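First the structure, in the form of structure tokens, and then the observations on it.
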Amino acid sequence: LSRKKVVLSKYLVAVLCTLFGIGVGVLLSLIAVWIRGDVLEVSVLAGAAVAGIEVSLLYGAVLLPVVMKFGVTKGRFVIFGLIAIPFLAGTFLTDRMSASWLRSLDVETVLAGGMAGVFLLLIVSYLISVRIVEKQEF
């Protein structure tokens, strides 16, 4: 196998794991709605699924080149940063901003823009990973 195919396989596994995870989440949400007897809001469920896909692929796009460059052990620190930075930024911004601007956002536009950005980031991430792997000696 060529190095490009090895890198591509890692990205495909990341995408498949993302889709599997979102599928399980949607299934569990449907079961919970059915058990509770609530009304299913398809738009909310679809929006949450798309947002979950975006976040998962974003993390994968950042983590895969780091893991290929530094290995799993050192890459763990990046994982901690990826969790801590959005949490700290969200906490900081929540305290300083009003939530009224959030209500004015068009959710579909934000999700579509986010998905386009994530796909672009995945392509760039893949190209970076290929360069990293091609420079490595085995």
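The values are calculated or read from the model by the stated rules, or taken from the named source; none is laboratory data. If you're wondering where the values come from, they're calculated on a predicted model, not measured in any experiment. Here Cβ is always computed from backbone atoms with ideal geometry, including for glycine, and neighbour counts include all displayed protein chains. Note: accessible area is taken over every heavy atom of the protein model, side chains too, but ligands, DNA and RNA are not part of it. Shrake-Rupley method; radii C 1.70, N 1.55, O 1.52, S 1.80 Å.
In the chain, taking the dipole from charged Cβ atoms about the Cα centre, the farthest positive-side position among GLY21, THR109, LEU122 is held by LEU122.
In the chain, carbon and sulfur make up what percent of the accessible area (probe 1.4 Å)?
On the way: 7420 of 10040 Å².
In the chain, the share of accessible area belonging to carbon and sulfur is 74 percent.
Accessible surface area normalised per residue over the chain is 73 Å², counting heavy atoms of protein chains with a 1.4 Å rolling probe.
If you place +1 on the Cβ of every Lys and Arg, -1 on the Cβ of every Asp and Glu, and leave all else neutral, what size is the dipole of the chain about its Cα centre, to the nearest 20 Debye?
It works out to roughly 740 debye.
Quick one, which of [x] 15.0, 50; [y] 16.0, 52; [z] 18.1, 58 is the actual Rg and Dmax of the Cα atoms in Å calculated for this model? Among [x] 15.0, 50; [y] 16.0, 52; [z] 18.1, 58, the one calculated here is [z].
Shape class for the range 58-138: oblate, because the ratio a/c of the largest to smallest gyration tensor axis (alpha-carbon atoms, square roots of eigenvalues) is 1.5 or more and b/c is at least a/b.
Here the 3J(HN,Hα) profile of the range 116-123, calculated from phi with Karplus coefficients 6.51, -1.76 and 1.60 at θ = phi - 60°, is 4, x, 5, 5, 5, 5, 4, 5 Hz, Gly and Pro shown as x.
Relative to the longest principal axis of the Cα atoms of the chain, the long axis of helix 42-96 makes an angle of roughly 20 degrees.
Going toward the positive end of the dipole of the chain, with +1 on Lys and Arg Cβ and -1 on Asp and Glu Cβ, which of VAL133, GLY75, GLY60 do you reach last? The one lying farthest along the dipole's positive direction is VAL133. Relative contact order, whole percent, for the chain stands at 42, derived from Cα pairs under 8 Å and 6 or more residues apart.
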